[in-house]
Amino acid sequence: MYRLYGKDSFGIVIPAAVIQAQKHMNGGSGSNSFTLEVGYIALLAGGIGVVTTLWKSVNESYRCKTLVYSIYVSE
């Protein structure tokens with residue numbers, strides 16, 4: 001941080017310093033695209049997990065309703 005703002009910094013941030021800090025943290029555009037790819041994969045995996053959970057819930061509810069209906073009709 002001292003390298004970007006100086007030792008006697010008052011905490012004033014200018015846009016050029018923010019851009020320089022982002023470039024320093026990202027190490028260029030290559031790591032930024034890698035981070036985005038990992039994020040997309042994580043979102044895709046989470047979406048698949050949500051869809052499977054909902055699908056199983058709907059199927060279980062359907063089975064339960066058909067079971068209750070079959071018991072009701074057989075009486």
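The values are calculated or read from the model by the stated rules, or taken from the named source; none is laboratory data. The structure displayed is predicted, hence computed values, not measured ones. Here Cβ is always computed from backbone atoms with ideal geometry, including for glycine, and neighbour counts include all displayed protein chains.
The residue pairs whose first member lies in the stretch 31-55 and is at negative phi, whose second member is surrounded by fewer than 10 Cβ atoms within 10 Å (Cβ to Cβ), and whose beta carbons are closer than 9 Å, counting only pairs six or more residues apart or on different chains, are Ser31/Met25. Taking the chain and the helices (runs of 4 or more DSSP H) fully enclosed by it, the elements with 1 or more residues that are within 16 Å of the chain's Cα centre (by Cα) and modelled with pLDDT under 70 are at 29-74.
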